[in-house]
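S.K.: Right, I'll just put the structure down here and ask away after.
None of the figures in this text is laboratory data; all of them are computed from the coordinates on show. Predicted model only: the values in this text are computed from it and were never measured. For neighbour counting, all protein chains shown are included, and Cβ atoms are generated from backbone atoms with ideal geometry for every residue, glycine included.
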Amino acid sequence: MSEAQALALAADADVVPVAPAREATIAPVPPPSQPCVAVVGLGYVGLPTLLALHGAGSETIGIDVSERRLQAIRARAVDLPAGDVARLGDALGGERLRLSSIPAAVAAADAVIVCVPTPVDAQRRPDPRALRAACASVVEHARPGQALVLTSTTFVGSTRELLVAPLAARGLAAGRDVAVAFAPERILPGDPSVDQHAVPRVLGGATPDCARRARELLAPTTALIHEVSSLEAAELTKLYENTFRAVNLAFANEMAGVCGHLGIDPVEIVDAAATKPYGFLAHYPGPGVGGHCIPVDPYYLLAPLRAAGVATPIADHAMDAIVARPAAVAARALALLRLGGVAPAQARVTIVGMAYKPGVADARESPGLHVAEQLERAGVAVAYHDPRVPSVRTAAGTELRSLEHPEAAPADLAIVTAVQPETQLGWLADVPAVLDATYRLALDGPLHRV
Ligand SMILES: NC(=O)c1ccc[n+]([C@@H]2O[C@H](COP(=O)([O-])OP(=O)(O)OC[C@H]3O[C@@H](n4cnc5c(N)ncnc54)[C@H](O)[C@@H]3O)[C@@H](O)[C@H]2O)c1
């Protein structure tokens with residue numbers, strides 16, 4: 001951005017009115033000339049974001065602290081849909097993409113988008129270290145005229161605490177010298193049927209002018225932007241969405257147990273209920289909830305509330321049920337083995353699916369892995385098959401490698417947790433017992449549910 005543009009930003013501050021939130025879903029208009037955009041954190045979210053902006057004609061700077069990740073990107077060895085892999089190839093071959101592990105590289109950009117991970121630790125406490133580090137370096141290298149947009153899922157108040165306040169301490173006021181906004185990511189990895197560009201994006205600015213700058217910046221990534229009244233409203237929207245999903249998934253698993261008790265197929269019931277055109281949103285039971293979002297994000301809502309003494313019993317119970325789900329699958333597996341006369345120490349179990357869901361290679365918080373860990377603790381010899389996840393390490397430190405030919409591995413029981421599109425399941429007919437934690441299989445032979 002030129003100095004004149006920076007001055008214009010300063011002059012415009014606080015004069016652009018925000019439309020009321022209920023009328024605020026609008027098609028964003030990009031600025032007349034494309035800005036140079038830096039994306040900080042090039043993971044599942046940051047890399048597709050970078051490619052969308054590059055595809056729209058922006059100069060782009062991809063920044064990641066992990067040299068390994070940068071090497072994988074340069075080698076195109078990343079878990080992306082085919083279209084994005086092609087776009088990555090084009091971008092790497094051109095002039096408008098730079099990759100760097102140096103945080104100071106953000107200084108060269110007109111706009112900065114932060115997409116670093118916000119995980120939980122082993123005790124499920126939020127671990128915002130990457131977020132704090134990334135925001136601190138963005139603040140350190142910020143310059144007048146920049147637009148800074150945080151997209152990581154995080155605590156309500158993070159954008160103000162980690163960007164607005166420290167920028168002000170450096171003499172850069174949001175809305176006057178820099179634009180600051182929060183716009184959570186809603187990407188849905190692994191489902192090519194969802195057009196990510198068509199998914200509306202929620203956005204809250206520190207001031208109305210900050211929101212305008214962020215709208216212009218994000219225009220290439222989405223067809224619609226829904227603007228809310230504040231940074232905090234945008235932060236809470238994301239946490240509300242994913243906690244809503246967690247509560248519903250926990251309930252779907254509970255209802256699957258009810259259906260089992262009554263001898264009814266839970267998927268048939270959800271499908272039937274979903275024919276109601278209002279007031280019902282289908283959630284299906286499964287082996288547990290994995291990935292970087294649903295099993296993690298609600299703690300960024302719940303932990304500060306707990307510290308403040310605010311009661312959230314429904315969400316708390318849902319998260320406890322989600323954590324406990326893989327253990328329930330493992331307990332059912334051990335019961336089935338015992339029924340078949342196989343003691344845990346003699347048992348061989350093959351798990352089908354190590355990714356947290358079909359269509360991805362991501363095994364973070366994978367139900368399959370948690371089931372494997374439970375069974376390993378009980379003394380069971382565990383193997384797995386997942387063509388997209390070559391190996392995983394259990395909490396006990398055991399390295400498991402995906403069976404290339406699961407049909408050739410002797411098994412007393414198979415547990416199906418996630419079926420990749422390319423996975424063949426015919427061999428399950430020859431396994432003495434199959435526990436279908438996806439509730440989706442139709443097999444001849446002994447098929448069991450959790
Ligand atoms: N993965 C999803 O499906 C998804 C969907 C919606 C929202 N989100 C949210 O988006 C955020 C990012 O998630 P993700 O899945 O892309 O994470 P990720 O783990 O795939 O990638 C994050 C990247 O950030 C890099 N990084 C860490 N600290 C950094 C720093 N200080 N500076 C620069 N780079 C740094 C890491 O090396 C990594 O490559 C999270 O808050 C997540 O909750 C994720």
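S.K.: Compute the length gained on full extension between D191 and A442: take 0.36 nm times their separation in residues and subtract their Cα-Cα distance, giving the result in nm to one decimal. Please list the in-between numbers first.
M.R.: On the way: separation 251, 0.36 × 251 = 90.36 nm, distance 2.25 nm.
This chain segment gains 88.1 nm when fully extended.
S.K.: What's the percent breakdown of Cα-Cα distances in the range 329-402 across 5 Å bins, shortest bin first?
M.R.: It works out to 3, 17, 30, 23, 15, 9, 2, 0, in whole percents.
S.K.: Between R306 and T398, what is 0.36 nm times their sequence separation minus the Cα-Cα distance? Round to one decimal in nm. If you can, show how the numbers build up before the last one.
M.R.: Numbers: separation 92, 0.36 × 92 = 33.12 nm, distance 3.52 nm.
Extra length available between R306 and T398 comes to 29.6 nm.
S.K.: Return a whole-number percent for the relative contact order of the chain, with Cα pairs under 8 Å and 6 or more residues apart as the contact set.
M.R.: Averaging sequence separation for qualifying contacts and normalising by length gives 13 percent for the chain.
S.K.: Shifting gears a bit: May I have the pair-distance distribution P(r) for the range 315-448, computed from all Cα-Cα distances with 10 Å bins from 0 and rounded to whole percent?
M.R.: 13, 47, 34, 5, 0
S.K.: Moving to a separate point now. Restricting to the chain, what percent of DSSP beta bridges are antiparallel, rounded to 5?
M.R.: Working: 8 of 48 bridges.
Given both bridge residues lie in the chain, the antiparallel proportion sits at roughly 15 percent.
S.K.: A further question on this structure: What do you get for Rg/Rh over the range 79-198 if you use C-alpha atoms and the Kirkwood form of Rh?
M.R.: Values: Rg = 16.3 Å, Rh = 16.2 Å.
Looking at the range 79-198, the ratio lands at 1.00.
S.K.: For the range 3-235, just the Cα set please: Rg and Dmax, both in angstrom.
M.R.: Expressed in Å, the Cα Rg and Dmax of the range 3-235 come to 16.6, 50.
S.K.: Pick out which of P390, P313, P326 has the largest mean-square fluctuation in a Gaussian network model of the chain, springs linking Cα atoms closer than 10 Å.
M.R.: P313
S.K.: Starting from the Cα-Cα distance between I264 and Y278, subtract it from 0.36 nm times their residue separation and give me the gain in nm to one decimal. It would help to have the intermediate numbers written out before the result.
M.R.: Values: separation 14, 0.36 × 14 = 5.04 nm, distance 2.39 nm.
Taking I264 through Y278 to full extension adds about 2.7 nm, to one decimal.
S.K.: Something else: Taking 7 Å along the Cα-to-C-beta vector as the label spot, tell me the R132-S101 distance in nanometres, rounded to one decimal.
M.R.: 2.3 nm
S.K.: Between F244 and A223, what is the label-point separation in nm under the 7 Å Cα-to-beta-carbon projection?
M.R.: Simple spin-label model gives 2.0 nm for this pair.
S.K.: Of the listed peptides 367-377, 278-288, 70-80, what is their order by residue-averaged count of other C-beta atoms within 10 Å, with the highest listed first? Numbers along the way, then the final one.
M.R.: Numbers: 367-377: 24.1, 278-288: 16.6, 70-80: 14.6.
Most protected by this proxy first, the peptides run 367-377, 278-288, 70-80.
S.K.: Let me ask you something else. Over the range 315-448, what relative contact order in percent results from Cα pairs under 8 Å that are six or more residues apart?
M.R.: Details: 239 pairs, mean separation 32.3, N = 134.
Once normalised by length, the contact order is 24 percent.
S.K.: Which value, in nm² and rounded to one decimal, describes the direction-averaged projected area of the C-alpha convex hull of the range 211-332? Intermediate results must be reported in sequence, preceding the final value.
M.R.: On the way: hull surface 42.0 nm².
The number I arrive at for the range 211-332 is 10.5 nm².
S.K.: Related question: Mind checking the angle between helix 208-218 and the chain's longest principal axis? C-alpha axes, 0 to 90 degrees, to the nearest 10.
M.R.: Between helix and principal axis, roughly 60 degrees.
S.K.: Given the peptides 39-47, 378-386, arrange them by the average over their residues of other C-beta atoms within 10 Å, most packed first. Mind dumping the intermediate values first?
M.R.: Values: 39-47: 24.2, 378-386: 21.0.
Packing order, densest peptide first, comes out as 39-47, 378-386.
S.K.: Give the dimensionless ratio obtained when the Cα radius of gyration of the chain is divided by 2.2 N^0.38 Å.
M.R.: Working: Rg = 23.8 Å, N = 450, 2.2 N^0.38 = 22.4 Å.
Taking N as the residue count of the chain, the ratio is 1.06.
S.K.: Just for the range 315-448, what percent of DSSP beta bridges are antiparallel, to the closest 5?
M.R.: On the way: 3 of 18 bridges.
Rounded to the nearest five, the antiparallel share is 15 percent.
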